[in-house]
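Worksheet for the structure shown next.
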Amino acid sequence: MTLLDGKKVAHEIQESLKKKIGGIQGRKPGLAFILVGDHPPSQLYVQSKKKGCAFVGIFSTVLELPQKVAQSDLLKQIEELNRNPEIDGILVQLPLPPHIDEKRITAAIDPSKDVDGFHPINVGKMLLGEEDGFLPCTPHGIKVLLEKYRIPVEGKHVVIVGRSNIVGKPLAAILMQKKPHCNATVTIAHSQSENLSALTRSADILVAALGQPLFIKKEMVRAGATVIDVGINRLPDGRVVGDVDFDEVSASGGPITPVPGGIGPMTIAMLLHNTLSSFLSYRKEG
């Protein structure tokens, strides 16, 4: 069993970013977080991302808005950040309260500052295989982690359990591209899929991104298959676990990501990478 240590790889990426940013004269890259309400997991995620910014030398600021903020006021704040030349990236922490239209908010962010990679323009560029958009951080982090551990993807069968717009759909789009370290045959499985275990057992690389703790069991994984666990769930006893039953599945002998310490750190590393890319693009255009 090979442990795919996302924390280690993410640290290496951050060290590289720190070196690059340290050599920049004048203004440093800037990232703005918008946090609506007092959702504890969202607050923790923003704190982790802000800590990553501080480590690599990215200026960051957090705009905290009340739970009942009007959508029009949130849109005004985004427009101000769009115009702010000190800010290269804008991240609206999801989920948002029910009275706010997430699609409308995502579309309001300047695509050139959409470091989350969720704007329709960036999604379109990803599907077309264009290089000048931002890739969503979690799928991009998965691709980079596979690449760093030299796990073959080209021609392999990747089964993704979960069809979210944040992980499942974009990861499929990325890995099927006609590009190096891609060219995979991709199957997306979900709650309506028949014979799910047969599908997951056919995978050379199995990605669990369905948000159900310990869902993937040993009998669902082919011996030696690579398993990427995107889930992060807190059990009633306080334990943090993924969507994969790590103790069971790790006995299958294939490479596997831990939770925590797997895909989470890679997501943050890709966010920082995107922010620096936005900054460099702005300087080039300026």
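From the list LYS51, LYS18, which one is open to solvent by 80 Å² or more (accessible area, probe 1.4 Å) and more than 30 Å from ARG104 (Cα to Cα)? Let's see the steps before the verdict.
Details: LYS51 fails: more than 30 Å from ARG104 (Cα to Cα).
It is LYS18.
Does VAL56 satisfy being surrounded by 16 or more Cβ atoms within 10 Å (Cβ to Cβ), under 30 Å from GLY22 (Cβ atoms), touching a strand residue (DSSP E or B) at 6+ places or on another chain (Cβ under 7 Å) and touching a residue at least 24 places away in the same chain (Cβ under 8 Å)?
Values: surrounded by 16 or more Cβ atoms within 10 Å (Cβ to Cβ): yes; under 30 Å from GLY22 (Cβ atoms): yes; touching a strand residue (DSSP E or B) at 6+ places or on another chain (Cβ under 7 Å): no; touching a residue at least 24 places away in the same chain (Cβ under 8 Å): yes.
No, not satisfied.
Looking only at segment 221-258, how many residues end up being of a type outside the set (A, V, I, L, M, F, W, C), outside any loop (DSSP other than H, G, I, E, B) and at pLDDT 95 or above? Walk me through it before giving the result.
As a first pass, look at segment 221-258 and keep what is of a type outside the set (A, V, I, L, M, F, W, C): 222, 224, 226, 229, 231, 233-234, 236-239, 242-243, 245, 247-248, 250, 252-255, 257-258.
Then drop every residue that is not outside any loop (DSSP other than H, G, I, E, B), which leaves 226, 229, 233-234, 247-248, 250, 252.
Imposing the further condition that a residue be at pLDDT 95 or above reduces the set to 226, 229, 247-248, 250.
Result for segment 221-258: 5.
Of the residues that sit in segment 122-171 and are of a type in the set (A, V, I, L, M) and open to solvent by 20 Å² or more (accessible area, probe 1.4 Å), which one is farthest from PRO265 (Cα to Cα)? The selected residue is LEU128. For segment 84-103, the criterion of being part of a helix (DSSP H, G or I) and either touching a residue at least 60 places away in the same chain (Cβ under 8 Å) or more than 22 Å from LEU280 (Cα to Cα) (or both) is satisfied by at least one residue. Taking residues in segment 1-23 that are under 18 Å from VAL207 (Cβ atoms), and partners anywhere that are assigned to a helix (DSSP H, G or I) and among the charged types (D, E, K, R), the pairs with Cβ atoms closer than 7 Å and at least 6 places apart or on different chains are VAL9/LYS148.
With the requirement that a residue be of a type in the set (A, V, I, L, M, F, W, C) and either under 16 Å from GLY231 (Cβ atoms) or in a loop (DSSP other than H, G, I, E, B) (or both), what does segment 189-204 give you? First the steps, then the outcome.
Looking only at segment 189-204, we keep the residues that are of a type in the set (A, V, I, L, M, F, W, C), and these are 189, 196, 198-199, 203.
Within segment 189-204, ALA189, LEU196, ALA203 qualify.
Pairing each residue of segment 120-133 that is outside any helix (DSSP H, G or I) with any residue that is loosely packed, with under 12 Cβ neighbours inside 10 Å, provided the two are 6+ apart or on different chains, yields C-beta distances under 8 Å for GLY129/LYS178. For segment 82-109, the tally of residues that are crowded, with 18+ Cβ neighbours inside 10 Å and farther than 20 Å from SER42 by Cα stands at 3.
The values are calculated or read from the model by the stated rules, or taken from the named source; none is laboratory data. Keep in mind it's a predicted model, so treat the numbers as computed, not measured. Glycine gets a Cβ as well: all are built from the backbone with ideal geometry, and neighbour counts include every protein chain shown. All accessible areas refer to the heavy atoms of the entire protein, side chains included, with ligands and DNA or RNA removed. Shrake-Rupley method; radii C 1.70, N 1.55, O 1.52, S 1.80 Å.
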